[in-house]
1. Looking at the square roots a ≥ b ≥ c of the eigenvalues of the Cα gyration tensor of the stretch 23-123, which shape do they give, rounded for a/c under 1.5, prolate if a/b is larger than b/c, or oblate?
2. If the limit is 22 Å between Cα atoms, which of 94/189; 93/221; 94/210; 93/210 go over it?
3. In degrees between 0 and 90, to the nearest 10, how far off the longest principal axis of the chain does helix 2-22 point, with axes built from Cα atoms?
4. What aspartates and glutamates does residue 164 reach when the alpha-carbon gap must be under 17 Å and sequence neighbours fewer than 8 apart in one chain are set aside?
5. Please list, in order along the stretch 151-165, the HN-Hα scalar couplings obtained from phi with the Karplus expression 6.51 cos²θ - 1.76 cosθ + 1.60 (θ = phi - 60°), rounded to whole Hz, x for Gly and Pro.
6. Please say if the chain is rounded, prolate or oblate, where rounded means a/c under 1.5 for a ≥ b ≥ c the square roots of the C-alpha gyration tensor eigenvalues, and otherwise the choice is prolate for a/b larger than b/c and oblate otherwise?
7. What distance in nm separates the simple spin-label points at residue 105 and residue 84, each placed 7 Å from Cα in the Cβ direction?
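Values in this text are rule-based calculations from the coordinates and carry no lab data. Note that this is a predicted model, so its numbers are computed, not measured. Positions of Cβ are generated from backbone atoms using ideal geometry, with glycine treated the same way; all protein chains shown enter the neighbour counts.
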Amino acid sequence: MFLFRLTTTLLLAATCSLFMTAVISTETAVTCDDSFNVHRLSCDIGVISVQAALYGRADNETCSAGRPQEQLANTDCFQEGTVDILRRRCDGKKVCELNMNTVRTTDPCNGIYKYLETNYTCLPAIHFATCEHSLAHLHCDEGQVIFVYGADYGRRDMTTCSYKRPASQIENVHCTRHTSKVADSCNGKNSCTIRASNSVFGDPCGGTYKYLEVAYVCECKSLKGHCAVSVF
Ligand SMILES: *[C@@H]1O[C@H](CO)[C@@H](O)[C@H](O)[C@H]1NC(C)=O
Ligand SMILES: *[C@@H]1O[C@H](CO)[C@@H](O)[C@H](O)[C@H]1NC(C)=O
């Protein structure tokens, strides 16, 4: 009897975690360092979670086409803090496009031809944006509870919540405030509503029309009974 119960529990646990891990695979994006090149990360399913990023040069093959040997000679060249830039701009989004100028803050090796390489995974999460003054509604199926993976209030691009807004209100894309308030009020609940407004999150950039971006997953409340996690 004990063994049987144990097996059932393990099976249920396995079903839940297998589903979660099955969707996660590591993606790599590589962009050679030219001002007009765009570094693009995207997830068909789930949201971006940046694992590692390198701006510089770690081998002599990547982005080597047509380049003289001396521009490939230093393979131990990287800019500090690159991964933080990528995380700040891209984590929790479905698509993230960066101009190389945004990433390049210093020249870690003068005369060497550099590139940006990002490794990221797509976390199986529900993702949505709620425009300023509107209500964000998070909910899970019966028997499941919310776990907030990330929430940001501000503006990271010019397209989200831009309809009929003057340029002056959407052009600041470097305004984002990571917030734990969504997690604080929603984690462990089956559904939850929160207002995307300055009164809740404070104002990270006056004059900019903002939005609340949330990524969350639904988790099994307990291992008893049926709980099929379907996050999409
Ligand atoms: C990305 O992953 C590949 C394969 O595991 C690895 O060789 C590479 O060094 C990683 N890139 C960074 C920037 O960590
Ligand atoms: C990279 O370095 C290796 C060993 O130093 C050399 O054999 C190879 O030709 C180089 N490749 C390029 C593209 O320069």
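1. Details: a/c = 2.16, a/b = 1.91, b/c = 1.13.
It comes out prolate by the Cα gyration axes.
2. Working: 94/189 24 Å; 93/221 26 Å; 94/210 18 Å; 93/210 15 Å.
Among 94/189; 93/221; 94/210; 93/210, the Cα-Cα distance tops 22 Å for 94/189; 93/221.
3. 30 degrees
4. Excluding near neighbours in sequence, the set is 132.
5. Per residue, the Karplus-derived 3J(HN,Hα) values read 8, 10, 10, x, 8, 10, 8, 9, 9, 5, 6, 10, 3, 6, 9 Hz.
6. Numbers: a/c = 3.10, a/b = 1.37, b/c = 2.26.
Oblate, since a/c reaches 1.5 and b/c is not below a/b.
7. Label-label distance for residue 105 and residue 84, simple model: 0.6 nm.
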